[in-house]
1. Scan the stretch 1-16 and report the pairs whose first residue is assigned to a loop (DSSP other than H, G, I, E, B) and whose second residue is surrounded by 10 or more Cβ atoms within 10 Å (Cβ to Cβ) and of a type in the set (Asp, Glu), with Cβ atoms within less than 9 Å and a gap of 6+ or a chain change.
2. Of the residues that sit in the stretch 64-123 and are surrounded by fewer than 13 Cβ atoms within 10 Å (Cβ to Cβ) and of a type in the set (Gly, Ala, Ser), which one is modelled with the highest pLDDT?
3. Can you tell me which residue in the stretch 41-61 is surrounded by the most Cβ atoms within 10 Å (Cβ to Cβ), limited to those that are out of contact with any Asp or Glu (no Cβ under 7 Å at 6 or more places or on another chain) and in a loop (DSSP other than H, G, I, E, B)?
4. All but one of (1) over 12 Å from residue 73 (Cβ atoms); (2) surrounded by 12 or more Cβ atoms within 10 Å (Cβ to Cβ); (3) more than 14 Å from the chain's Cα centre (by Cα) hold for residue 34; which doesn't?
5. If you take the residues of the stretch 49-71 that are farther than 24 Å from residue 5 by Cα and not small (Gly, Ala, Ser), which of them is farthest from the chain's Cα centre (by Cα)?
Amino acid sequence: MEQEEAILALAALAQSTRLETFRLLVRHEPEGLPAGDIARALAIPHNTMSTHLNILARARLVSSERRSRLIVYRAEMQRLREMTLFLLKDCCGGNASLCAPLIEELEPCCAKEEVSRCPENST
């Protein structure tokens, strides 16, 4: 990930509704959620939610797929992985053991039954 892409992604997430939306979609991987369900879950008007989803899509943090009359949104886990790696690339001056606490905190989400949801296992 290039610096400009990271800035675009981080800027998209630097707003409470968009951050909540992205986190909600991460929790609903790999199925995703229809736009209306996202709006209801976050108590956001549909037109406002559409704007937020468009900003996240431009940053390539979410993708959408039409399913009949619904538009289903999914978190782009590969993009999250790229962003995380960009932020941690030079972690602790190259001393990987200093980054171990960060990795340990990810382990609960990466339990055996949830390995497919773990950022490093997304493709």
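The values are calculated or read from the model by the stated rules, or taken from the named source; none is laboratory data. All values derive from a computational prediction rather than experimental measurement. Methodologically, a virtual Cβ is constructed for each residue, glycine included, from the backbone with ideal geometry; neighbour enumeration extends over all protein chains shown.
1. From the stretch 1-16, the pairs are 1/82.
2. 68
3. To start, the set of residues in the stretch 41-61 that are out of contact with any Asp or Glu (no Cβ under 7 Å at 6 or more places or on another chain) comprises 41, 43-59.
Still in the list and also in a loop (DSSP other than H, G, I, E, B): 43-45, 59.
Numbers: 43: 8, 44: 17, 45: 9, 59: 22.
The selected residue is 59.
4. (1)
5. In the first step, residues of the stretch 49-71 are kept if they are farther than 24 Å from residue 5 by Cα; the result is 66-71.
Now drop any that are not not small (Gly, Ala, Ser), which leaves 66-67, 69-71.
Numbers: 66: 20, 67: 21, 69: 24, 70: 21, 71: 18 Å.
The residue in question is 69.
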